[in-house]
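Below: one structure, written as structure tokens.
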Amino acid sequence: MLGRELENIRAALNSGHLSGNGLFMQKVHTFFEAEFGIGKALMTHSGTGALEMAALLLNIQPGDEVIMPAYTFVSTANAFALRGAVIRFVDSCTDHPVMDAAKVEALITGKTKAIVAMHYGGVAPDMTLLLDLCIRYSIFLVEDAAHAIGAKYNGLYLGSIGHLSAFSFHETKNIQCGEGGLLAINDERFMQRAEVIWEKGTNRAAFARGETDGYSWIDLGSSFLASEISAAWLSAQLEHFDEVRLHRKRLWEAYERALSPVAESRFLTLPERPRCEYNHHIYAIVSANEQERTALIRYLSNHGFMAVSHYRCLHRSPYYQAFYEGKSLPNAERFEAGLVRLPLFHGLQVEVVEAISRTVKSFYGC
Ligand SMILES: *Cc1c(COP(=O)(O)O)cnc(C)c1O
């Protein structure tokens with residue numbers, strides 16, 4: 001808890017409006033639109049829900065193709081697979097888990113409808129190149145900005161660049177409300193329909209504004225809204241956005257100071273990527289292989305620190321491997337085997353980060 005979360009929830013209770021699209025949710029929408037240069041914001045029950053709305057808005061049909069990184073969370077792919085899309089997975093960069101944008105063009109066919117950029121740890125892939133491809137081939141750019149609140153590319157906030165973008169406020173993200181998400185709609189053509197899809201395929205949002213005298217089923221949709229309780233909690237968190245950002249930066253820089261000078265051959269730290277301004281969502285190092293990673297995580301755990309591995313590549317997942325011609329994506333597979341996320345959360349102290357860093361160094365004998 002960062003501040004007024006409980007007071008806000010009490011105020012929501014007193015207002016007598018606990019379902020979606022209440023005053024706190026409208027505050028969340030305004031915050032995202034004003035602070036992050038987003039066209040229109042709609043808060044959802046999850047980041048997953050926001051991605052599913054994007055797939056519906058883009059009218060993804062069975063057999064359409066969608067290009068995205070293999071090294072991502074399952075929801076990035078699931079949202080489009082649910083509409084029958086064929087997923088074309090792209091490898092990571094050699095030195096960073098983000099998608100290697102240079103490998104995307106070779107995958108574009110007449111059936112490609114969208115490219116999904118996932119900003120790993122708030123770090124964008126080469127958006128200049130992806131945008132250029134989307135313009136040249138008339139396809140849509142979706143951002144999975146689940147990690148990316150407040151991070152930038154070329155001076156623009158992530159989530160404001162793609163036609164549609166999904167944020168997440170899951171408990172594990174920088175700003176959270178337990179479960180929650182938000183769809184950013186940056187292309188005007190989608191704004192009206194987004195509100196309909198959000199409200200179960202009805203024009204209920206327009207009705208709530210007094211624009212119609214009833215509401216009916218006018219399109220596909222589902223119940224994508226979050227509850228006003230979640231919005232009340234989130235709204236309080238957003239008041240502390242700068243404080244969270246600055247503290248995470250201090251923690252991240254303490255890791256970087258301690259670990260990057262010794263990294264080189266024994267383990268890798270992730271390099272700064274050009275044109276990216278970080279939000280310090282994840283601090284990760286990459287060990288040589290899975291065996292070493294397991295030993296490092298155990299060593300840290302024996303010293304009282306909890307580090308974790310991250311994504312299993314989706315092209316090798318039990319669900320998708322059969323649909324996917326088993327081509328190897330070596331960089332993504334290396335991050336799957338070796339990547340370790342070190343603890344990074346708002347309640348953590350710089351001194352603890354220094355102790356964790358010393359423990360990592362002692363594991364590697366440096
Ligand atoms: C967390 C996350 C999501 C979805 O988030 P939920 O809010 O948990 O549904 C989607 N994509 C990525 C990359 C994530 O990390």
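Heavy-atom surface analysis with a 1.4 Å probe gives the stretch 1-155 a carbon and sulfur content of 54 percent of its accessible area. Here the Gaussian network model covers the chain, with springs between Cα atoms less than 10 Å apart; of GLY210, GLY39, GLY180, GLY210 fluctuates the most. The Rg/Rh ratio for the chain is 0.98, where Rg is the radius of gyration of the alpha carbons and Rh is the Kirkwood radius. With coordinates expressed along the principal axes, the C-alpha atoms belonging to the stretch 119-277 extend over 66, 42, 24 Å, beginning with the largest. On the basis of the beta-carbon distance and an R0 of 25 Å, ARG209 and ASP187 show a calculated FRET efficiency of 0.70.
Per residue, the solvent-accessible area of the chain (1.4 Å probe, heavy atoms of protein chains only, all protein chains present) comes to 43 Å².
Measuring how big the stretch 148-232 is from its alpha-carbon positions, Rg and Dmax come out at 14.9, 45 Å. Between SER317 and CYS366, the contour length at 0.36 nm per residue exceeds the Cα-Cα span by 14.1 nm. Pairs of lysines in the chain whose Cα atoms sit within less than 20 Å of one another amount to 10, provided the residues are eight or more positions apart or on different chains. The ratio of the alpha-carbon radius of gyration of the stretch 279-363 to the globular-protein estimate 2.2 N^0.38 Å is 1.27. Largest to smallest in accessible area, the residues VAL340, VAL86 fall in the order VAL86, VAL340 (1.4 Å probe, all protein chains included).
The residues neighbouring ARG273, those whose beta-carbon lies less than 15 Å from its own, together hold a net charge of -4 under the Lys/Arg +1, Asp/Glu -1 convention. Ligands, DNA and RNA left out, the 1.4 Å accessible surface of the stretch 253-354 is 52% carbon and sulfur atoms. Measuring nothing but how far apart in sequence close Cα pairs (under 8 Å, 6+ apart) lie, relative to its length, the stretch 169-286 scores a relative contact order of 21 percent. Dipole orientation for the stretch 90-190: of the candidates ASN174, ASN186, ALA146, ASN186 has the Cα lying most toward the positive pole (charges on Cβ; Lys, Arg +1; Asp, Glu -1). Residues in the stretch 1-28 near a label at ALA34, defined as backbone nitrogen under 11 Å from the 7 Å Cα→Cβ point? Backbone N within reach: 27-28.
For the pair ASN289 and LEU129, the difference between a 0.36 nm per residue extended length and the Cα-Cα distance amounts to 54.5 nm. As an equivalent ellipsoid, the stretch 91-130 spans semi-axes of 19, 11, 8 angstrom, where each value is the square root of five times an eigenvalue of the C-alpha gyration tensor, largest first. In this simple spin-label approximation, GLU171 and ARG10 carry label points 7 Å from Cα along the Cα→Cβ vector, and these lie 2.5 nm apart.
Stretching ASP242 away from ASN302 to a fully extended chain increases their span by 18.2 nm, per 0.36 nm per residue minus the current alpha-carbon distance.
The values are calculated or read from the model by the stated rules, or taken from the named source; none is laboratory data. Note that the structure is predicted; figures quoted are calculated from it, not measured. We place every Cβ from the backbone using ideal geometry, glycine too, and count neighbours over all the protein chains shown. Ligands, DNA and RNA are stripped out before the accessible areas are found, and what is left, the full protein with its side chains, is counted by its heavy atoms. Shrake-Rupley method; radii C 1.70, N 1.55, O 1.52, S 1.80 Å.
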